[in-house]
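Here the structure comes first, spelled out in structure tokens, and everything after it is commentary.
The values are calculated or read from the model by the stated rules, or taken from the named source; none is laboratory data. In this text, all values refer to a predicted model and were calculated from it rather than measured experimentally. No Cβ is skipped: glycine too gets one built from the backbone with ideal geometry, and neighbour counts run over all protein chains shown.
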Amino acid sequence: MVKKNRNYFLYLNYIFFSTINIFSSYQVILLNSKFNITISLISTLLLIDQAIKFIFEIPTGFLSDKYGRKKSSITGNMMILIGNFFLFGGQLPFVIIYFILKSLGTTFVSGSFESMVVDGIDKDNIKKLNSSVRLVFFVGVAISMILGGFIINIVSIKTIILFDIIFLIVSSLLIVLAEDENANNSNNKIIKIHVIIKQITSSKVLLNILVFDFITAFSFVAVEDFYSAFLNSRGVSTGMIGIIISLQLIVSAFLGYLYLRKKRLLHDSKVFQVSSVLLVIATMLIYFDFVPLLLIPILYLVSDISFSILGPIKYELFQNNITSEYRSTILSLRSLLIAGGGSLSFLIISIFSQYQPIEVIMPMLLFITLIVYIIVNIKLRKSFIK
């Protein structure tokens, strides 16, 4: 029990410290203003980021299940750490190397540390884990947004990078302190890909949630990456952007956490249906000209709250349908699909942003997401635990 609680504690702290990253929080603005990279080229860099994740998620998930999840997590975090040092170069080639190492490192970490924690807790606590992770994650992002919003125009880019590196070192140490209870059995484990594929294709729940995650990434990865730049283009200062986004994230995560801790008024399937549709509609409204600037943060807050509520419900349903033996590989497949959805959206934005503004492109992506959400909701309506 001590080891299980320790991993749980270390994982929450890892999420917090690894999330405090000013460069990632303002990367579109920083790449544009400090590195003089155009929006179209930034979209291409983000496409490369997602494409690398798409290519390597399954192989790295396989290696994690085969050779040890702690080893995989440490390897990935070290790649991300080394990648940040290349940003000191200040030129486009170094930025490209940064994106390559960060993306590849993320594929090693994603699912590995999480699997160590999930394997050590009861199924009843999986939803609690996800809601806690989201709360800690959003607090970390909020700190980055507030701090970054006030200093990115005051301090040098090298100071920002150094700040991020310090927190990456702390997060790496937290992984080192974690324990992989399955490490001794990893080298003898035989991972059969066709068994994993059969498990997924034979499960309506896994299939539909993977589709849901893909189409979510198709629109919302771009929404999140361009949101600060979008507010900035509407005349909002970076300091105010930090305050706005941090408040949105903290409030939404806290309300979502409280909702899932209390007795729910509706069945999970109803909550999932309502919150998923509300998520898309609230986000879509942001991009219409008739919506006043003051209403945009409120709409984004509504979408954040919706996602904070539906995320843990979806996560619990997904995790409870995965066998422990192949958990990292299936989580890597999920990350692969998310990367694929993000890659597709950035490819579309990279091409069409030369002809149409983001305000036109994003509602189109979100409308496609809404249609798929409705279809998935219909297929999953009887799959939630009563």
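Does Thr44 meet the test of being over 22 Å from Ile166 (Cα atoms), at pLDDT 80 or above and in a helix (DSSP H, G or I)?
yes
Looking at this structure, is Ile39 over 20 Å from Asp164 (Cα atoms), of a type in the set (Val, Ile, Thr) and out of contact with any Asp or Glu (no Cβ under 6 Å at 6 or more places or on another chain)? Working first, answer last.
Details: over 20 Å from Asp164 (Cα atoms): yes; of a type in the set (Val, Ile, Thr): yes; out of contact with any Asp or Glu (no Cβ under 6 Å at 6 or more places or on another chain): yes.
Answer is yes for this residue.
Considering only residues that are within 20 Å of the chain's Cα centre (by Cα), surrounded by fewer than 18 Cβ atoms within 10 Å (Cβ to Cβ) and farther than 30 Å from Asn32 by Cα, look in region 245-264 and name the one that is modelled with the lowest pLDDT.
By that ranking, first place goes to Leu255.
The rows are residues; the columns are (1) modelled with pLDDT of 80 or more; (2) part of a helix (DSSP H, G or I).
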{"site": "Leu206", "(1), (2)": "yes, yes"}
{"site": "Thr216", "(1), (2)": "yes, yes"}
{"site": "Ile243", "(1), (2)": "yes, yes"}
{"site": "Leu266", "(1), (2)": "no, no"}
{"site": "Phe272", "(1), (2)": "yes, yes"}
{"site": "Ile296", "(1), (2)": "yes, yes"}
{"site": "Ser308", "(1), (2)": "no, yes"}
{"site": "Ile313", "(1), (2)": "no, yes"}
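If you take the residues in region 14-37 that are outside any helix (DSSP H, G or I), in contact (Cβ under 8 Å) with a residue 60 or more places away in the chain and of a type outside the set (Val, Ile, Thr), which one is nearest to Ile157 (Cα to Cα)?
Lys34
Residue check: is Lys66 within 22 Å of Ala253 (Cα to Cα) and of a type in the set (D, E, K, R)?
no
All but one of (1) assigned to a helix (DSSP H, G or I); (2) buried (at least 17 other Cβ atoms within 10 Å of the Cβ); (3) out of contact with any Phe, Trp or Tyr (no Cβ under 8 Å at 6 or more places or on another chain) hold for Leu347; which doesn't?
Here Leu347 clears every test but (2).
Which members of region 350-386 meet the condition of being hydroxyl-bearing (Ser, Thr, Tyr), in a loop (DSSP other than H, G, I, E, B) and either farther than 27 Å from Thr38 by Cα or touching a Phe, Trp or Tyr at 6+ places or on another chain (Cβ under 6 Å) (or both)?
Ser383
So how many residues does region 228-240 have that are surrounded by fewer than 23 Cβ atoms within 10 Å (Cβ to Cβ) and part of a helix (DSSP H, G or I)? First the steps, then the outcome.
Residues of region 228-240 surrounded by fewer than 23 Cβ atoms within 10 Å (Cβ to Cβ): 229-240.
Next, only the ones that are part of a helix (DSSP H, G or I) stay: 229-233, 238-240.
Total meeting the criteria: 8.
Just to be sure I understand, how many residues within region 52-102 are in a helix (DSSP H, G or I), more than 22 Å from Phe113 (Cα to Cα) and of a type in the set (Gly, Ala, Ser)?
Counting residues in region 52-102 that are in a helix (DSSP H, G or I), more than 22 Å from Phe113 (Cα to Cα) and of a type in the set (Gly, Ala, Ser) gives 1.
So, in region 72-112, of the ones that are of a type in the set (Phe, Trp, Tyr) and farther than 18 Å from Ile15 by Cα, which residue ends up surrounded by the most Cβ atoms within 10 Å (Cβ to Cβ)? Break it down stepwise before answering.
Narrowing region 72-112 to residues of a type in the set (Phe, Trp, Tyr): 85-86, 88, 94, 98-99, 108.
Still in the list and also farther than 18 Å from Ile15 by Cα: 85-86, 88, 94, 98-99.
Details: Phe85: 16, Phe86: 20, Phe88: 13, Phe94: 16, Tyr98: 24, Phe99: 21.
Per the stated criteria, the residue is Tyr98.
So is Leu63 more than 19 Å from Gly340 (Cβ to Cβ), surrounded by 21 or more Cβ atoms within 10 Å (Cβ to Cβ), modelled with pLDDT of 85 or more and out of contact with any strand residue (DSSP E or B) (no Cβ under 9 Å at 6 or more places or on another chain) or not?
no
Conditions (1) aliphatic (A, V, I, L, M); (2) modelled with pLDDT of 85 or more, marked per residue:
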residue	(1), (2)
Asn13	no, yes
Ser18	no, yes
Leu31	yes, yes
Ile48	yes, yes
Ile55	yes, no
Ile82	yes, yes
Ile97	yes, yes
